[in-house]
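None of the figures in this text is laboratory data; all of them are computed from the coordinates on show. Computed from a predicted model, the values in this text were never measured in an experiment. Cβ coordinates were reconstructed from backbone atoms using ideal geometry, including for glycine residues, and neighbour counts include every protein chain displayed.
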Amino acid sequence: MAVTTAEHEKRAAAQAAAELVEDGMSVGLGTGTTVAYLVPALAARSLDVRCAVTSPRTEVLAREAGLRVERFSSLLHLDIAIDGADEVAPDGWLVKGGGGAHTREKLVASAADRFVVIVDSSKLVRALRPPVPLELVAFGLASTLRRLEAVGPVRRRDAGRSPDHGVICDYLGAVDDPQWLARTLRGVLGVVEHGLFPPEMVSEVIVGRGGRAERVHPGGGGW
Ligand code: 5RP
């Protein structure tokens, strides 16, 4: 099967990010197809690292690759976390959670000294657009969905529960003001977490372009 440009770009970004990891570090591993390139690239470096994973999928990949996986709650902080994204805006806001793992991903990214985002070039967007993933508490779901109607349309995703038993949905309304939307969604009772990640959380973005990896600097005014 032919490998697409996007796959080449994901691999290039993932390999560049794996080079940032140093011996002895604690490393947060995100979830998704780009992270699936990161895991073997990191394992190939044969470093002594301890990894916290954001999903059962990544845990399987990491263990199979021979990486040492530890319970996240046993690691007070992480030196670095590396993860993909669905959209990266020029001002550094991200949308994450295409795989429904955004709550754990945000917890892991927030615990890291450095949060590195790895993407193929299709993920660089001029402005964020829906869907924005949501994780909702299953108990009282109907009333939470009703409260969310005041913010915008939300659709339940045809997917299983999160590893923490949350219900994964997508907010489908406008994302013109990510800061307002993030605050508003966070304030709705029953919302566990949304997939908007603020620029302050992001240390750097590594984008694959063609077969090469480039570091881009959100906040620079455009792509
Ligand atoms: C999973 C995520 C992923 O990082 C995001 O969906 C990007 O995935 P991929 O690397 O497969 O394009 O947030 O919850």
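Side notes on the structure shown:
- GluC sites (Glu not before Pro), loop per DSSP, at most 16 other Cβ atoms within 10 Å - longest free stretch of the chain: 71-223
- Cα-centred dipole magnitude for region 132-194, charges only on beta-carbon of K, R (+1) and D, E (-1), debye, nearest 20: 180
- Here the Karplus curve 6.51 cos²θ - 1.76 cosθ + 1.60, taken at θ = phi - 60°, turns the phi angles of region 83-92 into couplings of 7, x, 7, 8, 8, 10, 8, x, 8, x Hz, with x standing for Gly and Pro.
- Qualifying trypsin sites (Lys or Arg not before Pro) in region 61-139, where qualification requires a DSSP coil assignment and no more than 13 other C-beta atoms within 10 Å, comprise 71, 126.
- Highest GNM mean-square fluctuation among 165, 77, 194, for the chain modelled with Cα contacts below 10 Å: 165.
- Note: region 1-78, Cα convex hull, 88 Å³ per residue.
- Only Lys, Arg (+1) and Asp, Glu (-1) charged, at Cβ; the chain dipole about Cα centre in debye: 500
- Under the criterion of Cα pairs below 8 Å and six or more residues apart, the relative contact order for the chain equals 24 percent.
- Per DSSP, loop chymotrypsin sites (Phe, Trp or Tyr not before Pro) in region 46-148 with at most 15 further Cβ within 10 Å: 139
- Only helices enter the 222 nm calculation for the chain: every DSSP H run of n ≥ 4 contributes -39,500 (n - 2.57), and dividing by all residues gives -8000 deg cm²/dmol, rounded to 500.
- Along its principal axes, the chain has C-alpha extents of 50, 39, 37 angstrom, given from the largest down.
- When the Cα positions of 150, 121, 31 are compared along the charge dipole of the chain, 150 comes out farthest toward the positive end, with charges on each C-beta of Lys, Arg, Asp and Glu.
- Pairwise FRET efficiency - residue 146 versus residue 126, Cβ, R0 = 22 Å, nearest 0.05: 0.10
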